[in-house]
Amino acid sequence: MKNANIIGLKESDCATISEKLNILLANYSVFYQNTRGSHWNIKGEQFFTLHPKFEELYNSLVLKIDEIAERILTLGATPAHNYSDYLTVSTIKESKEVSDGNKSVEIILNSFKVVIDLQRELLDITEKAGDEGTNSQMSDYITEQEKEVWMYNSYLGK
């Protein structure tokens, strides 16, 4: 018996949601690696402020990556796991600018915009499908990330 039948969702809805979740997974994975790069390579007077903040962020991102992959599995699909696949579907691109603190924060803010927009799209899709599990997960992520956006923007004086 397939998971969709047991959890009360249509298989076609599970397929659509899983496809969108795989795109979100790809974006989170690139976001994660960019943040790791900034954590490793940050230089200058902002080092002591941003180095631990970036570590806090990438630790949060890696948990979300795992949760998204597990949600895809719950819906009966297979999570993508190759960076070559991620890079073909991710809107977030690999960052080469990882040592300048303000630039790294701007890249992080742009990445948050991408994942929040994707999560809002998923809210619409999952609400129509009656997929409370994915809907709740996306809602929780958005709530947390809106606060992060405020803090990173405040850091930049915006």
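Numbers at a glance
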{"quantity": "Residue within region 34-53 that is loosely packed, with under 15 Cβ neighbours inside 10 Å and closer than 22 Å to Met138 by Cβ present", "calculated": "no"}
{"quantity": "Answer from Ala26, Ala4, Ala77 - the residue that is buried (at least 17 other Cβ atoms within 10 Å of the Cβ), out of contact with any Leu (no Cβ under 6 Å at 6 or more places or on another chain) and at pLDDT below 95", "calculated": "Ala4"}
{"quantity": "Members of region 125-157 that are farther than 22 Å from Glu70 by Cβ, assigned to a helix (DSSP H, G or I) and open to solvent by 50 Å² or more (accessible area, probe 1.4 Å)", "calculated": "Lys128, Glu146, Lys147, Trp150, Met151, Ser154, Tyr155"}
{"quantity": "Hits in region 7-23 - residues which are open to solvent by less than 30 Å² (accessible area, probe 1.4 Å) and β-branched (Val, Ile, Thr)", "calculated": "Ile17"}
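Here's the yes/no breakdown for (1) open to solvent by 80 Å² or more (accessible area, probe 1.4 Å); (2) outside any loop (DSSP other than H, G, I, E, B):
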| site | (1), (2) |
| --- | --- |
| Ser84 | no, yes |
| Ile92 | no, no |
| Lys96 | yes, no |
| Ser99 | no, no |
| Asn102 | no, yes |
| Val114 | no, yes |
| Leu118 | no, yes |
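The values are calculated or read from the model by the stated rules, or taken from the named source; none is laboratory data. No experiment lies behind these values; they were computed from the predicted model shown. Because the Cβ atoms are built from the backbone with ideal geometry, glycine has one as well, and the counts that use them run over all protein chains shown. These accessible areas exclude ligands, DNA and RNA; they are computed on the full protein's heavy atoms, side chains included. Shrake-Rupley method; radii C 1.70, N 1.55, O 1.52, S 1.80 Å.
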